[in-house]
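Student: Sharing a structure here in C-alpha cells format.
The values are calculated or read from the model by the stated rules, or taken from the named source; none is laboratory data. Source: prediction; values computed, not measured. Positions of Cβ are generated from backbone atoms using ideal geometry, with glycine treated the same way; all protein chains shown enter the neighbour counts.
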C-alpha cells in the first residue's frame with residue numbers, strides 16, 4: 001500500500017478518535033501525524049462550513065463520524081493544503097470510505113466532494 005494512502009488512513013483514524021473526545025485537550029493515537037491533524041482541527045470551522053453548504057440535508061451531527069472524518073481530511077487537502085491534484089484527493093477519499101465506511105459511504109463522500117470541486121473550479 002502507498003505510504004501516502006496509509007498516512008491518510010491514520011489521519012482519518014485520528015480525526016475519528018477525536019470525534020469521541022469530550023475535552024478540548026487533543027490526544028492523538030498517532031503522534032507523527034499530529035501536525036496535519038492539528039491543522040485540520042484549526043481549520044475545522046471553515047471545513048465544516050463547506051460540508052454544511054454542500055450537504056445541506058445532512059446536519060453535521062447526523063453524518064457518520066467516519067464519513068465526517070474522511071470529508072474533513074479531503075476538504076483540507078482540496079481547499080487549504082492544495083498539494084495534490086483534485087482528482088487524486090477525491091479518489092483517495094472514495095477509496096478510504098470504501099475501506100472504512102459503510103456500504104454507501106463512498107457515494108456520499110464522492111457527491112459532497114464533487115459539489116465542492118464544482119464550486120472551486122467555477
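Student: Quick one: what pairs do we get from segment 4-24, first residue over 14 Å from residue 66 (Cβ atoms), second part of a helix (DSSP H, G or I) and at pLDDT below 90, C-beta under 9 Å, 6+ apart or different chains?
Tutor: 7/32; 7/33; 7/36
Student: Any residue at all in segment 76-92 that's on the phi > 0 side of the Ramachandran plot and either part of a helix (DSSP H, G or I) or without any contact (Cβ under 8 Å) to a residue 60 or more places away in the chain (or both)? Give the steps one after another, and end with the answer.
Tutor: Here is the first cut: in segment 76-92, the ones on the phi > 0 side of the Ramachandran plot are 82.
Subsequent filtering for residues that are either part of a helix (DSSP H, G or I) or without any contact (Cβ under 8 Å) to a residue 60 or more places away in the chain (or both) retains 82.
Checking segment 76-92: at least one residue is on the phi > 0 side of the Ramachandran plot and either part of a helix (DSSP H, G or I) or without any contact (Cβ under 8 Å) to a residue 60 or more places away in the chain (or both).
Student: Considering only residues that are over 18 Å from residue 72 (Cα atoms) and assigned to a helix (DSSP H, G or I), look in segment 24-45 and name the one that is modelled with the lowest pLDDT.
Tutor: If we take residues in segment 24-45 being over 18 Å from residue 72 (Cα atoms) and assigned to a helix (DSSP H, G or I), then 32 is modelled with the lowest pLDDT.
Student: Separate question: Just to check your reading of the model, which residue among 64, 93 is out of contact with any strand residue (DSSP E or B) (no Cβ under 6 Å at 6 or more places or on another chain) and crowded, with 20+ Cβ neighbours inside 10 Å? Walk me through how you get there before you give the answer.
Tutor: Numbers: 64 fails: crowded, with 20+ Cβ neighbours inside 10 Å.
So the residue among 64, 93 that is out of contact with any strand residue (DSSP E or B) (no Cβ under 6 Å at 6 or more places or on another chain) and crowded, with 20+ Cβ neighbours inside 10 Å is 93.
Student: Still on this structure, I have one more. Given 50, 58, which one is outside any helix (DSSP H, G or I), out of contact with any strand residue (DSSP E or B) (no Cβ under 6 Å at 6 or more places or on another chain) and surrounded by 13 or more Cβ atoms within 10 Å (Cβ to Cβ)?
Tutor: Being outside any helix (DSSP H, G or I), out of contact with any strand residue (DSSP E or B) (no Cβ under 6 Å at 6 or more places or on another chain) and surrounded by 13 or more Cβ atoms within 10 Å (Cβ to Cβ) holds for just one of 50, 58, which is 58.
Student: A follow-up question, please. If we scan segment 110-121, do we find a residue that is at pLDDT 95 or above and farther than 24 Å from residue 2 by Cβ?
Tutor: yes
Student: Something else: It is to be established whether one or more residues within segment 104-121 are more than 16 Å from residue 55 (Cβ to Cβ), outside any loop (DSSP other than H, G, I, E, B), free of Cβ contacts under 8 Å to residues at least 60 places away in the same chain and touching a helix residue (DSSP H, G or I) at 6+ places or on another chain (Cβ under 6 Å).
Tutor: So far as segment 104-121 goes, no, none of its residues is more than 16 Å from residue 55 (Cβ to Cβ), outside any loop (DSSP other than H, G, I, E, B), free of Cβ contacts under 8 Å to residues at least 60 places away in the same chain and touching a helix residue (DSSP H, G or I) at 6+ places or on another chain (Cβ under 6 Å).
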